[in-house]
Every structure is written in C-alpha cells, then in structure tokens.
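Have a look at the structure below before the remarks.
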Amino acid sequence: MIRKIFLDHPQSVDESYIEHFMFALGFSMKLFGAAFAALIHAFVPVACEKTASKTVAALYAKTHNRGA
C-alpha cells in the first residue's frame, strides 16, 4: 500500500519520491503565481496580460508526455 501511494507514480515519470516532490512543489508555486497574475489582471486589465497564459503553456510543455 505504501508503494502504491508514494512510489508508483513518481517511478512512472522516472523520478524518485523526493525528485517528484520537488517538481510538484515548484509546479504548484508557478501555478499560484499564475493565479495571482490572473487576479491582478482581473482588476487591472492592462497588467499581467499574458503572464498566466504563458506560465500555463510553459508548464504544459514541461509536463506533456512525461514518463511516456
């Protein structure tokens, strides 16, 4: 059960648990940044016009087909 919860998925993308943890943590921080930029953009449309979409596109490119 421990293996299924903590190790199977990281191994499926060729990472250790710690490597996967650090990747996911960084990914979440970038998503928080994109969300904050989108929030700012909602109030001030001229601000952060492409920040969130560029961040999402970069994250998608980084994760698409990982472990395939």
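Tell me the angle of helix 17-43 to the major Cα principal axis of the chain, expressed in degrees between 0 and 90 and rounded to the nearest ten.
The angle comes out near 20 degrees.
Please give every one of the aspartates and glutamates within straight-line cross-link reach of residue 62, meaning a C-alpha to C-alpha distance under 16 Å, and leave out same-chain neighbours fewer than 8 residues apart.
Straight-line reach from residue 62, under 16 Å: 14, 15, 19.
With a 10 Å radius around each residue's Cβ, average the other Cβ atoms per peptide and rank 5-17, 30-42, highest first. Don't skip to the answer; put the middle values down first.
Numbers: 5-17: 12.5, 30-42: 14.1.
So the peptides 5-17, 30-42, ranked by packing, come out 30-42, 5-17.
By the scheme Lys and Arg +1, Asp and Glu -1, what is the net charge of all other residues having a beta-carbon under 15 Å from that of residue 34?
Numbers: positive: 30, 50, 54, 62; negative: 49.
Taking every Cβ under 15 Å from that of residue 34, the sum is +3.
Could you give the nm distance between label points at residue 5 and residue 21, where each point is 7 Å from its Cα heading toward the beta carbon?
It is 1.4 nm.
To the nearest 10 degrees, how steeply does helix 51-63 sit against the main Cα axis of the chain, on a 0 to 90 scale?
Value to nearest ten degrees: 20.
Throughout, read-outs are computed from the coordinates displayed, never taken from laboratory work. These figures come from a predicted structure and were not determined experimentally. Neighbour counts are summed over all protein chains in view; Cβ atoms, including those assigned to glycine, are modelled from backbone coordinates with ideal geometry.
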